[in-house]
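Taken together, the values in this text are just the output of simple stated rules run on the coordinates, not laboratory data. Bear in mind that the values here come from a model prediction, so they are computed numbers and not experimental data. Every residue, glycine as well, gets a Cβ built from its backbone with ideal geometry; the counts of neighbours run over all protein chains shown.
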Amino acid sequence: MENITSSNAFQHIKHKTKPVRRFIRKFLNDWSLDFASMLAYSFLVAILPIAVALFGILGLALKNNPQAQQDLKDKIIQSFPADNTTQSGIKQ
């Protein structure tokens, strides 16, 4: 093992990859992945009450207009992938 670590090729590769190794070490030491997961969780927790309020307001606004309700439902269904199981599940 000593022969490998003391070889010129190994030392050259080690020197060339030093900035990348330092970046990865700093990235992991700064808890970047933890902060990203916290941000994603906070976004999901915040989006639920917003969606409930939005659908509630739309329900009140479109209560007396069944054609607008149907148009909105059709647009929502069309926004999902064309997979038959997904669209049939939404239509139910």
Any idea how many Lys pairs in region 2-79 come in under 23 angstrom at the alpha carbon, given 8 or more places apart or on separate chains? 5
Across region 2-79, what fraction of all alpha-carbon pairs, as a whole percent, falls in each successive 10 Å bin from zero upward? 14, 20, 16, 13, 12, 11, 8, 4, 0
So if each residue of separation counts as 0.36 nm, and I subtract the Cα-Cα distance between residue 29 and residue 10, what length gain in nm does that give? 4.3 nm
So what are the ³J(HN,Hα) numbers for region 47-52, from phi and the Karplus equation (6.51, -1.76, 1.60; θ = phi - 60°), rounded to whole Hz, Gly and Pro as x? 6, 4, x, 5, 5, 4
What chymotrypsin sites (Phe, Trp or Tyr not before Pro) in region 1-57 are in a loop by DSSP, with at most 16 other Cβ atoms within 10 Å of the Cβ? 31
Out of region 32-87, which trypsin sites (Lys or Arg not before Pro) are coil in DSSP terms and have no more than 13 other C-beta atoms within 10 Å? 63
